[in-house]
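What follows is a short report on a single structure.
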Amino acid sequence: MRTEIISGGKLQGELTKEDGYSTAVIFDQTGLDPQTGKLVRGGIVPQTERALENIGVLLEEAGARPSDTFQVDVRIVDPTLFADFNGAYQESDLITGRDVLPTRFTYVGEQEVPGALVTVSARAAFKEGSPLILKSIHTDGAAKAVAAYGQGIDIEGEEYYHLITSGQIGLKPEGSGLVEGGMVPEAKRVFTSIGAILEAGGASPGQLTRVDMVVPDPENLKLAKQVYRGWEWAGDITPKQIKGDLLLGASFEARCFARVPKTTTTIVDLRRPKS
């Protein structure tokens with residue numbers, strides 16, 4: 001089932017239902033003021049605040065709460081603006097007061113709206129009248145989250161656990177910067193981190209459903225695909241290529257989605273009398 005989310009006469013997202021829960025998908029939001037149709041003034045912080053406010057309004061219209069958000073995608077025009085963006089993001093309703101932080105996928109890219117400095121989209125999962133169905137995934141086998149996001153998140157459906165990782169770059173697990181050697185070591189570190197996150201969430205190879213990756217240098221794309229195909233989790237999933245640059249001068253970023261079937265345990269009462 002799919003329902004359109006329309007606000008201000010424009011298609012702003014969609015509401016879907018699967019596996020016993022609803023997902024509100026909020027399409028790209030910028031610093032456009034819905035009342036004037038113009039970008040707010042003042043730079044990256046006001047634009048970030050406005051984009052996140054727009055997302056909050058649309059989530060409410062869809063029946064979701066900010067705390068139901070499990071995925072946030074960020075496309076920023078200039079990496080030097082990221083610190084100011086992140087400061088405003090951490091103060092937003094999507095983050096404050098939450099025990100379970102959403103995943104995040106951040107990259108540098110052109111904006112479709114002239115003059116926009118950042119574009120943000122989001123997804124939220126919820127069951128009407130039910131408590132939060134999200135659970136954080138954490139492991140020491142992946143780099144510690146360095147901003148307001150979780151390494152991964154688990155959405156509990158009726159038949160499956162749906163796992164999503166944050167976008168991973170080739171950071172060392174101890175958080176001391178990127179691994180040395182360029183794209184190939186970075187990509188290997190990324191997939192090691194993602195594998196650790198998925199395993200911590202209860203997944204195993206063969207359960208991936210989607211892979212997104214960013215390779216800023218087109219000349220590295222072939223090598224990136226070779227590293228991916230050599231990863232034990234890859235299976236027959238073809239990665240989706242996203243065009244953009246990366247923070248910290250990284251050469252590779254990826255995130256993964258997996259679906260883990262729920263298992264049923266049969267308990268036999270060994271105390272019952274023998275026939």
Residue, surrounded by the most Cβ atoms within 10 Å (Cβ to Cβ), within the range 1-31, restricted to residues that are β-branched (Val, Ile, Thr) and either at pLDDT below 85 or outside any strand (DSSP E or B) (or both): Thr30
Before we move on, is Ile55 in a helix (DSSP H, G or I) and buried (at least 23 other Cβ atoms within 10 Å of the Cβ)? yes
Which members of the range 248-264 meet the condition of being in contact with a strand residue (DSSP E or B) (Cβ under 7 Å, 6 or more places away or on another chain), at pLDDT below 95 and at negative phi? Lys262
Of (1) under 30 Å from Pro216 (Cα atoms); (2) touching a strand residue (DSSP E or B) at 6+ places or on another chain (Cβ under 7 Å); (3) free of Cβ contacts under 8 Å to residues at least 40 places away in the same chain, Ala116 satisfies all except one. Which? (3)
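Give the residue, chosen from Ser193, Ser204, that is part of a helix (DSSP H, G or I), closer than 24 Å to Ile153 by Cα and assigned by TED's automatic domain parsing to the domain that holds Ile155.
Sole residue among the options that is part of a helix (DSSP H, G or I), closer than 24 Å to Ile153 by Cα and assigned by TED's automatic domain parsing to the domain that holds Ile155: Ser193.
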Kindly establish whether Glu158 is in a loop (DSSP other than H, G, I, E, B), in contact with an Asp or Glu (Cβ under 6 Å, 6 or more places away or on another chain) and of a type in the set (Asp, Glu). yes
Taking the range 237-265 and keeping only residues that are under 15 Å from Gln168 (Cα atoms), part of a loop (DSSP other than H, G, I, E, B) and among the charged types (D, E, K, R), one is left with none
Mind checking which residues of the range 140-187 are touching a helix residue (DSSP H, G or I) at 6+ places or on another chain (Cβ under 6 Å), surrounded by fewer than 20 Cβ atoms within 10 Å (Cβ to Cβ) and within 20 Å of Ala203 (Cα to Cα)? Gly141
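Could you list, in sequence order, the residues of the range 66-97 that are under 16 Å from the mean Cα position of the chain (by Cα), charged (D, E, K, R) and over 13 Å from Leu247 (Cβ atoms)?
If we filter the range 66-97 for residues that are under 16 Å from the mean Cα position of the chain (by Cα), which is where we start, we get 66-76, 86, 89-90, 94-95.
After this cut, where a residue has to be charged (D, E, K, R) as well, the list is 68, 73, 75.
Result: Asp68, Asp73.
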Sole residue being surrounded by 14 or more Cβ atoms within 10 Å (Cβ to Cβ), touching a Ser or Thr at 6+ places or on another chain (Cβ under 9 Å) and assigned to a strand (DSSP E or B), chosen from Asp93, Asp73, Asp84: Asp73
What number of residues in the range 107-148 are under 16 Å from Asp73 (Cβ atoms) and among the charged types (D, E, K, R)? 3
Quickly run through the range 175-203 and pick out the residues that are modelled with pLDDT under 95 and of a type in the set (Ser, Thr, Tyr). Ser176
I'm checking my understanding of the structure. Among residues of the range 110-137 that are crowded, with 22+ Cβ neighbours inside 10 Å, among the β-branched types (Val, Ile, Thr) and in the same structural domain as Leu52 (by TED's automatic domain parsing), which one is nearest to Arg65 (Cα to Cα)? Val120
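The values are calculated or read from the model by the stated rules, or taken from the named source; none is laboratory data. Everything numeric in this text was worked out from a predicted model, so none of it was measured. Positions of Cβ are backbone-derived with ideal geometry, glycine not excepted, and every protein chain shown enters the neighbour counts.
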